[in-house]
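The values are calculated or read from the model by the stated rules, or taken from the named source; none is laboratory data. No experiment lies behind these values; they were computed from the predicted model shown. Glycine gets a Cβ as well: all are built from the backbone with ideal geometry, and neighbour counts include every protein chain shown.
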Amino acid sequence: MKGLLFLLLAPLLSTAQTRQVGGQIQNGNSEGLADASIVLLDSTYQQIREMKTDLSGKFELALTQHTKYYLKASHLNFGAKELFFYSDTIKSPLIVTLLPKVNELEEVNVVGRQPRLIRKLDRLEFNVQNSNLSALNTWDILKRTPLVMASGSDLMVRGSKKIMVLINDRKILLSGEELKTYLENTAGNDVQSIEVITNPPAKYEAEGSTIINIKLSKSTLYGYRGTLVGLAEKSTTWKQLFGLTQYYKNEKFNLRATYNFGRGTYARYETNYVYYPKEQTSWEGTMDRFDTNNSQNSYVLSMEYTPDTTWSINMGLTGYYGPRSYGIYEVPTVIYNKDHVQESSYFTTNDHERSNKNNNLYLQVSKKLSSKWSINWSSYFTSSNATNDQDVLTALNFKGEKPSSTRFISNNDSENRLFSTQMDITGKIKGLEVEFGGKFSAVKTTSDLIFSDDESGTLQYRPDKSSLFDYKERNAALYASFNYSWKKWSWKAGVRGEYTDLEGLVSEPEDMNKKDYFVLFPTFYMQYALSDQQQLGFSYGKRISRPAYSWLNPAKSYYNLFSYFQGDPRLRATIVHNLNLTWTKDNWNVDLFYRFEKWPNMEIALQDNVNHQLIFQYTNIKKGQGAGIDLGKSFQLTSRWGLNLQLEGMYNENYFMGADAVLHKNDVYIGNGNISSNYVLDKNAGWNLELGNTFTSPTIQGPFRITGYSSTYVMTNRKFFNKRLEVNLAFMDIFRTEKMRISSKYADQNNYFDDYRDTRKVNVTLRYHFGNQKVKSGNQPNKTEEQTRL
């Protein structure tokens, strides 16, 4: 025991050994170059720091001993230069000479390469920029990201759906189908990488078991350039996407404007089954959904201003606007007796229309106070508006009754407003890196449901089925984090405290819920370098998963006469504990993990055997836990042929209180992964071929059992006209195997539905690059702060 304590505490009992190295960027005449860009990267080519030279071209680096580094130097009118060095042998002052540009090289933009997978101390980074996947939309890229699995419009990591999705470290006010639609209309070439943060550090809000951060690309080229994108997709229906991205960059400004316009018809095929034991009847229906949305508008405006080497100002707007999505579902349902002979039926016609608008404004200001201390302030305001109107007619033909019909109309408007502001301070005290700060956020959400039906003989407003839901929440947080390195050891520890004050008010049934609570969230990371190419790591983090605001609304939202959705105003927040043990060697990544969840909140189905209704509701189950292993490896088989392998095996279990008031256990062993192979057909023409398969075995969610599925794809990419035009052809879900059955069978519950989202498709993507495509800078994009939960 004493030996273990010494092993854990030894790095904290010593002083980190660092070395200060000065340098100068010069031209060919040995004159200093002011305002030159310096980027310091570690041995895995990950950025550590970015800076500018002073008026005399000088700079200073703080290097850890026994460490390898890359250094990239560039200037507006000079060619870039890259050095690789060892901290113990580099000479000071370090002189880097840049030569004037004579023949500019084309940008190194090899579309068709395999995505690059990078294991960091607290996250997995999937770099897809300029890969074959960049020709897909962002949702399809996300589905092929290691550790991430998609179940319909839900995302899962390691069997858990408690995911917080960020874009450039900020959360947009979209979830479920709305998030899926937004990402489907975001061109993949706008994505630089996707980070899967399974154990987020204290700096991040404690919300979500896992964070998925989608990092959008930023120009590294000086001057003006742009990209035109056109995509045509054919499944059982047609879809199109057209986009324009423009960049402008000089020494002080980095501007970007992106607009994407999507249109098309979206299909989804479903069959459903409910068995009612008292009558021994089965209700079986078929629903083919076709929704048309001919105006889907997504946009990004961003500006980065760096007036000098100590200031950085970022501001921007991201948004989505879909004014009208509409469709008419015709759903026949047949009721069979115990001998599977038809005895009754009903036919539902659902005429509906939806709209959605989301905008996120942000501002970030960073100031370098000294060579060791900096401060960052960021604020954002997010607004979201949605409407969902439906007119539902049901024709009834029940045994022993005269044929009849019934109709209801529901109009649901929702509005969300969110403001957040955060301050972060980072610095270094000798060898100890320190980060601390605070955050305040406030959200207000309103949902207004107006319901009318013809139960009385004529269509009339029903106040007992209508509802106004108003919810307010305030969150205040403080955090501190410490990072320390000594020889081959790296340590990071932090704690975050969050105070939450909430109030929910619903008109029908009248109810008020007021609550406040304070929770501490510790995090801890440790990494030991066994060699230059081999690391062993351990991490622990405590997280919280608060229910989405719409889940707290108890108003009944009817899908049809016999099925509705209902929230719970007293849902508990889920507390999550994550443990990870990682091992990395060369291109091997191995991750052992364990997750424990107390009071997980999720959607379940509950059949009412008396009134013959299927109720979908959000509720808490008692507990859940999972443990397993992730394995990743990239192989370069030949100079042209590469192979990427990602596999996961885990055990997952949920305990839930059933409709029979008995505690039930649902468990499963899960295997999933992704295997892809890339082959260069013609290097000069940028012609590549990629074949891949994503698969998962059956999973669980509370009382649900969800069947496994697989998806096979082939895509090829080629460049034309001096590599300014790119053409990509992709065949997705070739064997039409991306289907699933979601079933619940225990006690007197017996129901399922089969779901297929029209994923077998062919798409052609054209991209044309115009303006300056010359390499002049290697600046890496800066991160902004994350947004809060929705």
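Quick notes
- When residue 654 is tested against the conditions (1) free of Cβ contacts under 8 Å to residues at least 60 places away in the same chain; (2) crowded, with 17+ Cβ neighbours inside 10 Å; (3) assigned to a loop (DSSP other than H, G, I, E, B), the lone failure is (3).
- The requirement of being farther than 26 Å from residue 519 by Cα and of a type in the set (A, V, I, L, M) is fulfilled somewhere in segment 378-390, by at least one residue.
- Count of segment 93-120 residues which are at pLDDT below 75 and part of a loop (DSSP other than H, G, I, E, B): 14
- Here residue 688 passes the criteria (1) at pLDDT 90 or above; (2) closer than 24 Å to residue 634 by Cβ; (3) among the polar types (S, T, N, Q) except the one numbered (1).
- Of 232, 202, all but one fail to be assigned by TED's automatic domain parsing to the domain that holds residue 763, aliphatic (A, V, I, L, M) and not in a strand (DSSP E or B); the exception is 202.
- Where a residue in segment 509-525 is farther than 28 Å from residue 479 by Cα and its partner, wherever it lies, is assigned to a strand (DSSP E or B) and aliphatic (A, V, I, L, M), with Cβ under 7 Å and at least six apart: 512/505
- Residue 211 out of contact with any Asp or Glu (no Cβ under 8 Å at 6 or more places or on another chain), touching a residue at least 12 places away in the same chain (Cβ under 8 Å) and in the same structural domain as residue 714 (by TED's automatic domain parsing): no
- Qualifying positions in segment 171-192 - surrounded by 21 or more Cβ atoms within 10 Å (Cβ to Cβ), modelled with pLDDT of 75 or more and part of a strand (DSSP E or B): 191
- Candidates are the residues of segment 234-253 that are out of contact with any Ser or Thr (no Cβ under 6 Å at 6 or more places or on another chain) and surrounded by 21 or more Cβ atoms within 10 Å (Cβ to Cβ); the one that is farthest from residue 157 (Cα to Cα) is 243.
- Restricted to segment 702-751, and to residues there that are of a type outside the set (A, V, I, L, M) and in contact with a Lys or Arg (Cβ under 7 Å, 6 or more places away or on another chain), the residue that is farthest from residue 278 (Cα to Cα) is 726.
- The residues of segment 448-480 that are in contact with a Lys or Arg (Cβ under 6 Å, 6 or more places away or on another chain) and more than 24 Å from residue 414 (Cβ to Cβ), listed by number, are 454, 477, 479.
- Residue 596 being out of contact with any Phe, Trp or Tyr (no Cβ under 8 Å at 6 or more places or on another chain), part of a strand (DSSP E or B), surrounded by fewer than 19 Cβ atoms within 10 Å (Cβ to Cβ) and of a type outside the set (A, V, I, L, M): yes
- Filtered residues of segment 398-440 (kept if free of Cβ contacts under 8 Å to residues at least 60 places away in the same chain and within 19 Å of residue 376 (Cβ to Cβ)): 419, 421, 423, 425, 426, 427, 429, 433, 434, 436, 438, 440
- Answer from 361, 369 - the residue that is in contact with a Leu (Cβ under 7 Å, 6 or more places away or on another chain) and surrounded by fewer than 17 Cβ atoms within 10 Å (Cβ to Cβ): 361
- For segment 274-296, the candidate set comprises residues that are polar (S, T, N, Q), touching a residue at least 40 places away in the same chain (Cβ under 8 Å) and surrounded by fewer than 17 Cβ atoms within 10 Å (Cβ to Cβ); within that set, the residue that is farthest from residue 743 (Cα to Cα) is 280.
- With respect to the conditions (1) in contact with a strand residue (DSSP E or B) (Cβ under 9 Å, 6 or more places away or on another chain); (2) assigned to a loop (DSSP other than H, G, I, E, B); (3) loosely packed, with under 15 Cβ neighbours inside 10 Å, residue 554 falls short on a single one, namely (3).
- Filter result for the condition that a residue is closer than 29 Å to residue 278 by Cβ and surrounded by fewer than 15 Cβ atoms within 10 Å (Cβ to Cβ), over 608, 586: 608
- Residue 570 within 30 Å of residue 552 (Cα to Cα), part of a loop (DSSP other than H, G, I, E, B) and either within 28 Å of the chain's Cα centre (by Cα) or not charged (D, E, K, R) (or both): yes
- Test: residue 632 is assigned to a strand (DSSP E or B), under 15 Å from residue 161 (Cα atoms) and either hydrophobic (A, V, I, L, M, F, W, C) or touching a residue at least 12 places away in the same chain (Cβ under 8 Å) (or both): no
- Residue count for segment 436-483 satisfying the condition of being assigned to a strand (DSSP E or B) and either hydroxyl-bearing (Ser, Thr, Tyr) or not assigned by TED's automatic domain parsing to the domain that holds residue 564 (or both): 10.
- Residues that are under 13 Å from the mean Cα position of the chain (by Cα) and small (Gly, Ala, Ser) within segment 185-212 comprise 193, 208, 209, listed in sequence order.
- Condition check for residue 320: in the same structural domain as residue 385 (by TED's automatic domain parsing), crowded, with 19+ Cβ neighbours inside 10 Å and either assigned to a loop (DSSP other than H, G, I, E, B) or modelled with pLDDT of 95 or more (or both): no
- The residue of segment 616-651 that is surrounded by the fewest Cβ atoms within 10 Å (Cβ to Cβ), among those that are closer than 22 Å to residue 566 by Cβ and either outside the structural domain of residue 606 (by TED's automatic domain parsing) or among the polar types (S, T, N, Q) (or both), is 617.
- Within segment 599-618, being within 22 Å of residue 549 (Cβ to Cβ), of a type in the set (Val, Ile, Thr) and either in contact with a Gly (Cβ under 8 Å, 6 or more places away or on another chain) or not in a strand (DSSP E or B) (or both) holds for one residue alone: 604.
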